[in-house]
Amino acid sequence: MEPITLIITALVLGIATGLKPTAEQAVKDAYDGLKKLIQDKYNAKASLAALENKPDSEVKKESLKEDLTDAGADQDPEVLEKAETVLQAVQEHAPQAAAAIGVNLKDIEAAFLEIGRVRSTGTGVNVEKGKFTGGIKIDDVDAGGRNASPNP
């Protein structure tokens, strides 16, 4: 997974999981750590707040992706480590969260995994026991039919 995609995916999964009242503390802590680091180090409070308000918005994701890339967060080992921590916490404590955004990952160790736009009424992408060293790009998935609508 390319670094900026890793960060955005971790943030979206952290929002989808960590902000729920029933979320596991490990997920909340991991998400809060990543969020605080990005806010403090890259002054991204407004962009993160916008994403938290509309985590399904491609516009909000792309805006934050651009802001973080421009600031160099995608090259920051500390940010990448915290993003990995969020993904691991979600994988361990709330694996159903990945399915909620159209992706279901288990036992994944990546050199890179890039997933494009996934419009899904179910699991659009399902990776079990990955382990990639330099590959896998899943592009424009539409699992539920045209535009992920049950009535195409």
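The values are calculated or read from the model by the stated rules, or taken from the named source; none is laboratory data. Note that the structure is predicted; figures quoted are calculated from it, not measured. Reconstructed Cβ throughout: ideal geometry from the backbone, glycine too, with neighbour counts over all protein chains shown.
Annotations for the structure displayed:
- For beta carbons closer than 7 Å, sequence separation of 6+ or different chains, a first residue in the range 59-85 that is on the phi < 0 side of the Ramachandran plot and a second that is not in a helix (DSSP H, G or I), the qualifying pairs are Lys60/Lys54; Leu64/Ala44; Asp67/Ala44; Leu68/Ala44.
- Being within 23 Å of Ala94 (Cβ to Cβ), of a type in the set (Gly, Ala, Ser) and surrounded by fewer than 21 Cβ atoms within 10 Å (Cβ to Cβ) is a property that Gly33 has.
Residues are listed down the side, and each one gets a yes or a no for (1) assigned to a loop (DSSP other than H, G, I, E, B); (2) in contact with a Cys (Cβ under 6 Å, 6 or more places away or on another chain); (3) surrounded by fewer than 19 Cβ atoms within 10 Å (Cβ to Cβ):
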residue	(1), (2), (3)
Glu52	no, no, yes
Pro55	yes, no, yes
Val59	no, no, yes
Val79	no, no, no
Val86	no, no, no
Ala89	no, no, no
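- If the condition is being at pLDDT 95 or above and of a type in the set (Lys, Arg), then the range 42-92 contributes only Lys82.
- Count of residues meeting criterion [β-branched (Val, Ile, Thr), part of a helix (DSSP H, G or I) and modelled with pLDDT under 90] in the range 13-41: 3
- Pick from the range 21-55, criterion in contact (Cβ under 8 Å) with a residue 24 or more places away in the chain and acidic (Asp, Glu), ranking: farthest from Asp76 (Cα to Cα): Glu24
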